[in-house]
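For reference, the structure discussed in these notes is given below.
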Amino acid sequence: MFDNILYRLAIKTAKVLKNYIYKIDLKRHTITLGQKDKEWSDLFNGQNSFVYKLNNSVKINLYRDSVLSQPIYRGFEVEEVSYLESVLKEGDIFIDIGANVGLFSLFASPKVGDTGRVISFEPTPITYNRLIENISLNDFKNIEARQLALSDKAGDMDFFISNNGHDAWNSLASSSDNKLQESIKVPVSTLDKELERIDKSNIRLVKIDVEGWEKFTLLGGLTFLENFSPILMVEFTEQNTFNAGYMVQDVYKMIEELGYKWFTLENGGLVQDVMRLRYPYVNLIAKK
């Protein structure tokens, strides 16, 4: 009863605040573009993309028509990337669910080495092709890209996509703001099914960033999670989960019931997280 009341209150609050929050988000982004517009535009030299060197062993294509490209150039989720690099070792398997153009997959590839594997899931056709481009750009042979979405059941589903640069927000959950304008049909599988022929004992880390569909993605992998204990890196963004019809705390409790504890990344280390009332946006780590 309390959860239902809390959920209704959260939805009502979100509806009141969402337009304001989104306008603030756009305003901040516009200010950033205004301050750096010439510098950013010059990097493309009239082209639609350019190659950016992330470190000595990893390069990535950045795209003029994608909002995510500039944060990657400025330094996107550096603590999460640093944690990934500190955890993965030669021979590990990294699962990247919601890989987008491959930032985390690319960083993971040299860490797991020739005896390891990276399995990347990205359903959006254009974004998937860019993921393939970035894999080829680095000549990485240990990344397997699968053009699929993951949920709690297999089939074909409506997938909501952006045509105004917000491709990083593409999702199986519809959106009430103007980020996502179209829908396409995409093939959907479950994590348990996709891992059937994989040596799951070697899966060290699973990253899940699926813009609100985290709960259903995890439900589709419960057998794997119950029998193995990979580290999880999960995006917590309450507005996205509201769009998908549940509260972000549902994910928190579900994973805790499997024996995991949740942590935040702070100054290169893990700090245990106590469940909060609000999760506007954060990536949490779950491990046993």
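All of the numbers you see were taken from the coordinates with simple rules; none came from a lab. Since the model is a prediction, treat every value here as computed from it, not as a measurement. So basically every Cβ, Gly included, is an ideal-geometry build from the backbone, and we count neighbours across all protein chains shown.
Phi angles of the stretch 264-276 translate, via the Karplus equation with coefficients 6.51, -1.76, 1.60 and θ = phi - 60°, into HN-Hα couplings of 9, 9, 9, 6, x, x, 9, 10, 4, 9, 9, 3, 9 Hz per residue; Gly and Pro are given as x. Averaging Cα coordinates gives a centre for the stretch 97-131 and one for the stretch 209-288; these two points are 20 Å apart. Taking amide H as placed 1.01 Å from N in the peptide plane, residue 76 has no amide H partner under 5 Å among residues 5 or more places away or on another chain. Converting phi to 3J(HN,Hα) with the Karplus coefficients 6.51, -1.76 and 1.60 and the offset θ = phi - 60°, the stretch 65-80 yields 8, 10, 4, 5, 4, 5, x, 4, 5, 6, x, 9, 6, 5, 5, 5 Hz in sequence order, with x at every glycine or proline. Could you tell me which of rounded, prolate or oblate describes the stretch 139-179, using a ≥ b ≥ c as the square roots of the eigenvalues of the alpha-carbon gyration tensor, with rounded for a/c under 1.5 and, failing that, prolate when a/b is larger than b/c and oblate otherwise? Oblate shape, in that a/c is at least 1.5 and b/c is the bigger or equal ratio. Each Lys or Arg adds one and each Asp or Glu subtracts one; over the other residues with Cβ under 15 Å from the Cβ of residue 49, this totals 0.
For the chain, what is the charge dipole size about the Cα centre, in debye to the nearest 20, if Lys and Arg each add +1 at the Cβ and Asp and Glu each add -1 at the Cβ? List each step's numbers first, then the result.
Details: 34 positive and 39 negative charges, 112 e Å.
For this selection, approximately 540 debye.
Among 65, 250, 42, the residue with the largest mean-square fluctuation in a Gaussian network model of the chain, with springs joining Cα atoms closer than 10 Å, is 42.
The sum of -39500 (n - 2.57) across all DSSP H runs of n ≥ 4, divided by the residue count of the chain, sets its helix-only mean residue ellipticity at 222 nm to -12000 deg cm²/dmol.
In order along the stretch 231-242, the Karplus-derived 3J(HN,Hα) couplings, from 6.51 cos²θ - 1.76 cosθ + 1.60 at θ = phi - 60°, round to 6, 10, 10, 10, 6, 10, 9, 4, 4, 5, 6, 4 Hz, and Gly and Pro are given as x.
Say R0 is 25 Å: what FRET efficiency, to the nearest 0.05, do residue 184 and residue 53 get from their beta-carbon distance?
Working: r = 33 Å, r/R0 = 1.32.
Efficiency at R0 = 25 Å is approximately 0.15.
Let me make sure I get this right: for the chain, a, b and c are the square roots of the gyration tensor eigenvalues over alpha carbons, sorted descending. Under 1.5 in a/c it's rounded, otherwise prolate if a/b > b/c, else oblate. Which is it? Before the final figure, lay out the partial values.
Working: a/c = 1.45, a/b = 1.05, b/c = 1.38.
In terms of gyration-tensor shape, rounded.
If you average the sequence gap of Cα pairs under 8 Å that are 6 or more apart and divide by the length of the chain, what percent do you get for the contact order?
14
With a cut-off of 10 Å between beta carbons, the residues surrounding residue 124 carry a summed charge of -1, where Lys and Arg count +1 and Asp and Glu -1. Charge tally for residue 61 (other residues, Cβ to Cβ under 13 Å; Lys, Arg +1; Asp, Glu -1): +2.
Given a Förster distance of 51 Å, report the FRET efficiency between residue 174 and residue 141 from their Cβ-Cβ distance, rounded to the nearest 0.05. According to the calculation, E is roughly 0.85. Maximal additional length on extending the residue 163-residue 201 stretch stands at 9.7 nm, based on 0.36 nm per residue less the C-alpha distance. Under a 5 Å amide H cut-off, with hydrogens placed 1.01 Å from N, residue 262 pairs with 273 among residues at least 5 apart or on other chains.
Counting beta carbons within 10 Å around each of 214, 182 and listing the fewest first gives the order 182, 214. Computed from the C-beta positions of residue 65 and residue 228 and an R0 of 41 Å, the FRET efficiency is 0.60 to the nearest 0.05.
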